[in-house]
Amino acid sequence: MNAPVSVDTLRQQALEAPEAYWQEASKLVDWMIPPETILDDSQAPFYRWYRGGVMNTCYNAVDRHVEAGRGEQVAIIYDSPVTGKKREYTYKDLQIAVARTAGMLVKYGVTKGDRVVIYMPMVPEAIFAMLACARIGAVHSVVFGGFAAKELAKRIEDAKPKVVMSASCGIEPNRIVHYSPLLKEALTLCEHKVEKCIILERPQSPVALNEETDVDWLTEMQFNRQVDCVPVMATDPLYILYTSGTTGVPKGVVRDNGGHAAALCWSMKNIYGAQAGDVYWAASDIGWVVGHSYITYAPLLAGCTTVIYEGKPVGTPDPGAFWRMIEEYNVNIFFTAPTAIRAVKGEDPDGEFLKGKNLSSLRALFLAGERADPDTLKWAETKLQRPVIDHWWQTELGWPALAACMGLGDTHTLHGAAGRAVPGFDVQIIDENNQPVSVGETGDIVIKLPLPPGCLPTLWQGNDKMHDSYLAEHEGYYSTGDAGFIDEDGFVHVMSRTDDLINVAGHRLSTGGMEQVLASHPSVAECAVIGAADALKGQTPVGFVVLKTNNKTADEQLKKELVTSVRETIGPVAAFKQVHIVGKLPKTRSGKILRKTIRQIVDGEKWEPPATLDDPAGLDAIINISNT
Ligand code: COA
Ligand code: AMP
């Protein structure tokens, strides 16, 4: 038997001859017509992979496995502790469900290139909906259920969907989240007119459908109106996923079909070491990129069994939920966010809930979404006695750029570092003059263009926005927005963001967006929101507001109103619960609010008053608050 190729060799090959490298990877995809050009660089810095290739992502994720004789294998396990429901779907069941869902979309006029917004909880129908769009070449845009009506409206307004697919509710441990009123409000806020809303009624929240505009999902699915996969170009869009930008306007990350399928297949085999038949569980939500890539697409493209878990790490019913799932379903590879492990560790520090559990199926735990602190890593390693692999990526990239490639025999990790570059990603650290910094020196984390397949080719708002957002700051590179350093062994240490995005429980949020909401309150003169360190969630937002002189509302009432308005405008997921009223904000003489200094003071870090400080009273106000 040939010795497996080392990750170092592959990294070198991908750098030296990317076209040959990604041509080989494209063989993991079934093509109707193979690509004519592997890398089209004619419009650099906008690159396209697999130009001329024709395929269908849904065919690759579903039908090809049925044709290959895996129809009876379980494709989806649904486990919902919040409703007490469990169900399994074979690849054959999945094929029928997806083909019928696609038939329903076609009946309501959805064709290739049309957009479909999916606002759904973690139920199998959400995955059927995504795959049904892929089947007919429609472009889905999934919106996370924890966003409020206004955020949903922004996404509908930008994507201009023909149809919205939603459910009557999501279920949080402490409440039912009724989606229908949120959707209704969002639609009234939009100028764009959606033709139909297809609503999955759940028993926990019955809805009265509007005969003209709404369609009952379950009734429609009774018709056996199955449609087949349509050919799409590799470069056609598969989906748009909105992510927080530095302003309140989310960026529409576009994912194409061919590059995405090839990259995800490559990652399943080489990063996660997964094979067809394995059970792969990413405990995330389909509203995030982890859910897109590693709940829906990658496990199914690779012929694995994927898991839809409608529950939480703790409280549904206890901190043993993850271990119960791994034992019950023989999970081979498990992926979650560090915050989820911190929640489990917080409630069960001694691992009592692990006792007596048979986790022999588990090969590794992968973590991503935020910086993994060494304590959490150590705890998981000790308790699980398995490789615990931190890996780093972003909505824009679509799949891991820094990782230990377990499928290539590499489980080499270093606490505090997010991993080494995955073959295909030329990750570098540079300064503001585009010059490489020395080993161990901190700078901007960038990726040399072209990005490999699977990463965003553009933004839905267009190439200019893509250029301004990611390509303009460092010519020839994609700017990740993260800062960090590379050590002498090639490990990349991701230390912080360079913009005003924060990471709350693995969710990326814009403090600028929250500031806009606070500033719109009639009593607020000016404000700042920072991400303060939080032992469970990594960061939580904290607001500071200066009031207008004519304000008449009592402080406590005002704080309540501000918290409520962020919750109602952005959503509960923002976890905005702390706001302080101050007489002044610390600023430079040119009027720039010193957010970094505020954060350092709040977090109890070392800080220096900047030479350009306008008035020390602003700093004193923050110091007083952090001392109480
Ligand atoms: N629909 C509606 N509301 C939602 C929601 C959804 N899909 N998901 C979360 N929320 C709400 C929660 O109910 C909560 O509301 P509350 O303020 O009324 O309690 C709020 O948003 C914050 O939720 P969450 O971030 O889940 O915090 P939590 O305190 O309820 O739970 C953890 C803490 C650590 C258990 C939880 O954050 C978690 O499971 N994190 C894993 C994150 C993850 O998978 N990230 C994906 C990136 S890989
Ligand atoms: P998102 O696009 O929501 O997935 O958020 C991506 C951002 O989360 C990255 O730019 C990082 O700031 C952060 N992030 C994700 N994974 C990691 C990790 N493993 N280590 C440190 N930060 C991470």
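The values are calculated or read from the model by the stated rules, or taken from the named source; none is laboratory data. Note that the structure is a prediction, hence the values are computed from the model and not measured. As a convention, Cβ positions derive from the backbone with ideal geometry for all residues, glycine included, and neighbour counts pool all protein chains shown. Side chains are part of the model used for accessible areas, which takes the heavy atoms of the whole protein and leaves out ligands, DNA and RNA. Shrake-Rupley method; radii C 1.70, N 1.55, O 1.52, S 1.80 Å.
Some values worked out for this structure:
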{"item": "Relative contact order (%) - criterion: Cα under 8 Å, at least six apart; region: the chain", "result": "12 percent"}
{"item": "Spin-label model distance (nm) - SER565 vs ASN551, 7 Å beyond Cα toward Cβ", "result": "1.0 nm"}
{"item": "Distance (nanometres) between label positions extended 7 Å along Cα→Cβ at SER205 and GLN43", "result": "3.9 nm"}
{"item": "Convex hull per residue volume in Å³, alpha carbons only, for region 505-627", "result": "109 Å³"}
{"item": "Descending principal axes extents, the chain, alpha-carbon based, whole Å", "result": "72, 62, 58"}
{"item": "Candidate residues ASP555, ASP390: accessible-area rank, largest first, probe 1.4 Å", "result": "ASP555, ASP390"}
{"item": "Accessible surface of region 245-391, 1.4 Å probe, proportion on carbon and sulfur as whole %", "result": "50 percent"}
{"item": "Neighbourhood charge, 11 Å Cβ-Cβ cut-off, centred on SER360 and excluding it, Lys, Arg +1 and Asp, Glu -1", "result": "+2"}
{"item": "Net dipole in debye of the chain [+1 Lys, Arg Cβ; -1 Asp, Glu Cβ; about Cα centre; nearest 20]", "result": "1200 debye"}
{"item": "Positive dipole terminus of the chain, leading residue within HIS292, ALA403, ALA321 (C-beta point charges)", "result": "ALA321"}
{"item": "Residues of type lysines that LYS355 reaches as a straight line, Cα spacing below 30 Å, ignoring anything fewer than 8 places off in the same chain", "result": "LYS85, LYS86, LYS312, LYS345, LYS378, LYS383, LYS537"}
{"item": "Relative contact order (%) - criterion: Cα under 8 Å, at least six apart; region: region 282-334", "result": "25 percent"}
{"item": "Solvent-accessible area per residue, Å², over the chain with all protein chains present [probe radius 1.4 Å]", "result": "39 Å²"}
{"item": "Overall Cα dimensions of region 253-398 - principal axes, largest extent first, Å", "result": "45, 29, 26"}
{"item": "Of the chymotrypsin sites (Phe, Trp or Tyr not before Pro) in region 186-292, those whose Cβ has at most 13 other Cβ within 10 Å and which sit in DSSP loop", "result": "PHE223"}
{"item": "Carbon/sulfur fraction of accessible area - region 505-627, other protein chains in place, 1.4 Å, %", "result": "50 percent"}
{"item": "³J(HN,Hα), Karplus 6.51/-1.76/1.60, whole Hz, each residue of region 213-224, x for Gly, Pro", "result": "10, 10, 10, 8, 3, 5, 5, 4, 6, 6, 7, 8"}
{"item": "Cut-off 9 Å between beta-carbons: net charge of the residues surrounding GLY440, Lys and Arg +1, Asp and Glu -1", "result": "-3"}
{"item": "In order through region 488-495: 3J(HN,Hα) via Karplus (6.51 cos²θ - 1.76 cosθ + 1.60), integer Hz, x for Gly, Pro", "result": "5, 9, x, 6, 9, 9, 8, 9"}
{"item": "Over region 505-627, relative contact order from alpha-carbon pairs under 8 Å, at least 6 apart, %", "result": "23 percent"}
{"item": "Accessible area of region 44-143 belonging to carbon and sulfur atoms, whole % at 1.4 Å probe", "result": "48 percent"}
{"item": "Within-10-Å neighbourhood charge of VAL106 [Cβ basis; K, R +1; D, E -1]", "result": "+3"}
{"item": "Radius of gyration, Dmax [region 59-209; alpha carbons; angstrom]", "result": "15.8, 48"}
{"item": "TYR470 - accessible surface, heavy atoms, 1.4 Å probe, Å² rounded to 10", "result": "10 Å²"}
{"item": "Selected from GLY419, THR247, TYR78, residue furthest toward positive end of dipole (the chain; charges at beta carbon)", "result": "TYR78"}
{"item": "Convex hull of region 143-212 built on C-alpha atoms - directionally averaged projected area, nm²", "result": "4.6 nm²"}
{"item": "Check: region 505-627 dipole with +1 on Lys, Arg Cβ and -1 on Asp, Glu Cβ, in debye", "result": "200 debye"}
{"item": "Extreme residue, positive dipole direction of region 505-627, given options GLN578, GLY512, GLY618 (C-beta unit charges)", "result": "GLY512"}
